[in-house]
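As structure tokens, the structure follows; a few thoughts come after it.
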Amino acid sequence: MRIRKVRPLLIAGILSLIISFVLVGAKNCFSEAGKSPKLYHSEIVASLPPGTWLENLIWDNQGNLYITDVTHKAIFRYSYANNSLSEFSKIGGHPFGIAIDDDGTIYVGALKIAPGQPGSMDSNVIYKIDKQGYSSLFIEAPKARGLNGWTYFKPGVFLICDSWAGVIWELDVKKSTITEWAKHPLLATKGMAPGANGIKLYKNFALVSNSSQASIVRIAIDEGGNSLNTEVYKENACRDDFCISENGNIYATGRSKNVVYLVKETGKPEIIADEENGVKGNTAAVFGRNEGDAEWIYVIGDGGLWDAGGDPSKMKPATLVKIYVGEKGYFTQK
């Protein structure tokens, strides 16, 4: 794999966000979390050059894991069967969230302008990628401020977090429309840290992580697929993204802390992995979906890109790590 240099413009943009994000995160994020006496077993599956910003990931039904690389405007594909990672597609913007429709088509939320640069928040778009990796601009999203985490809702329909507008958008790919599904102060940002960040469905609810408010928000869903009441489900639970087990346990990435948390229905968050496991700058997590990895979670990150303060010499490789958790994930999409 060809090692690419970090774009100075992107690093400058990231640097402009780092100070405010860290100041807010350091105060709010898991100040009371307890560390496990023994970290969970983990394996580093793959790594990419320092300066790579891996942000979100999703499985298809063929045992392939697709990962967004914000820095290099790329989508990587990890094959579980071959235990290999390769570049799958290039897009015209900086990709954040990603989802796959039932027909195998991939949709990606992105910024045309590098994050942190003037006009960046006004440059939200959605790309479409076919099974061969060919990408094309699907629609523009001029009302969005920062498309981030995605979740499959129903065939042809996805819910998308907007980290800066305090909104959950509904994307209908058959109608080529993106409309407001939910808006609430509990989804909004307080300061410069992201608001609504990651989103997952669990039974009759949508769970949303709000990084700046250090919480997980729960939104009830009626039989027609409409949002109902919005409430705080977990306090003092700041994170970037998360995944959910069949038992309702939440495995959450703690980006600025370089740890992974287990959040149960009761009790304080517990640290199950840290830098010893290779989860530096972790951004997202997903359960395995194959026969041999169903009780593992996969975690990606940026290798401490934010911690480096924009200095490439201080950055570590961005990793794909799997951690054994001993339970299976909850999935709404077959």
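Side notes on the structure shown:
- Residue 148, sole failed condition from (1) within 18 Å of residue 57 (Cβ to Cβ); (2) over 19 Å from the mean Cα position of the chain (by Cα); (3) open to solvent by less than 50 Å² (accessible area, probe 1.4 Å): (2)
- Filtering the stretch 240-249 for residues that are in a loop (DSSP other than H, G, I, E, B), closer than 16 Å to residue 163 by Cβ and charged (D, E, K, R) leaves a non-empty set.
- Residue count for the stretch 287-334 satisfying the condition of being of a type in the set (S, T, N, Q) and in a strand (DSSP E or B): 1.
- For the stretch 239-255, the criterion of being over 20 Å from residue 202 (Cα atoms) and crowded, with 20+ Cβ neighbours inside 10 Å is met by at least one residue.
- Considering residues of the stretch 232-270 that are among the charged types (D, E, K, R) and within 21 Å of residue 188 (Cα to Cα) only, the residue modelled with the highest pLDDT: 241
- So residue 191, is it out of contact with any Leu (no Cβ under 6 Å at 6 or more places or on another chain), more than 20 Å from residue 299 (Cα to Cα) and in contact (Cβ under 8 Å) with a residue 60 or more places away in the chain: yes
- Output for the stretch 279-324, where each listed residue is farther than 18 Å from residue 67 by Cβ and touching a strand residue (DSSP E or B) at 6+ places or on another chain (Cβ under 6 Å): 324
- Residue in the stretch 118-126 that is open to solvent by less than 20 Å² (accessible area, probe 1.4 Å) and either without any contact (Cβ under 8 Å) to a residue 24 or more places away in the chain or more than 21 Å from residue 70 (Cβ to Cβ) (or both) present: yes
- Tally of residues being touching a Pro at 6+ places or on another chain (Cβ under 6 Å) and either touching a residue at least 60 places away in the same chain (Cβ under 8 Å) or of a type in the set (Asp, Glu) (or both) across the stretch 263-301: 0
- Strands (runs of 3 or more DSSP E) contained entirely in the stretch 192-235, each with at least 1 residues that are touching an Asp or Glu at 6+ places or on another chain (Cβ under 8 Å), closer than 16 Å to residue 56 by Cβ and not charged (D, E, K, R): 196-202, 205-210
- Number of positions in the stretch 46-78 that are under 19 Å from residue 289 (Cβ atoms) and among the basic types (Lys, Arg): 1
- Each residue in the stretch 154-177 was checked for being open to solvent by 40 Å² or more (accessible area, probe 1.4 Å) and part of a strand (DSSP E or B), and 3 pass.
- The stretch 183-213, residues that are open to solvent by 10 Å² or more (accessible area, probe 1.4 Å), of a type in the set (Gly, Ala, Ser) and under 19 Å from the mean Cα position of the chain (by Cα): 188
- Filter result (farther than 21 Å from residue 85 by Cβ, at pLDDT 95 or above and crowded, with 17+ Cβ neighbours inside 10 Å) within the stretch 302-326: 325
- Tally of residues being surrounded by 17 or more Cβ atoms within 10 Å (Cβ to Cβ), out of contact with any Ser or Thr (no Cβ under 8 Å at 6 or more places or on another chain) and either within 21 Å of residue 303 (Cβ to Cβ) or modelled with pLDDT under 95 (or both) across the stretch 86-109: 1
- Scan of the stretch 45-57 for residues that are crowded, with 22+ Cβ neighbours inside 10 Å and over 16 Å from the mean Cα position of the chain (by Cα), ordered by number: 48, 51
- Checking each residue in the stretch 58-85 for being assigned to a loop (DSSP other than H, G, I, E, B), open to solvent by less than 10 Å² (accessible area, probe 1.4 Å) and hydrophobic (A, V, I, L, M, F, W, C) picks out only 70.
The values are calculated or read from the model by the stated rules, or taken from the named source; none is laboratory data. Predicted model only: the values in this text are computed from it and were never measured. Cβ: placed from backbone, ideal geometry, glycine included. Neighbour counts: every protein chain shown. Remember, those area values only see protein heavy atoms, side chains included, never the ligands or the DNA or RNA. Shrake-Rupley method; radii C 1.70, N 1.55, O 1.52, S 1.80 Å.
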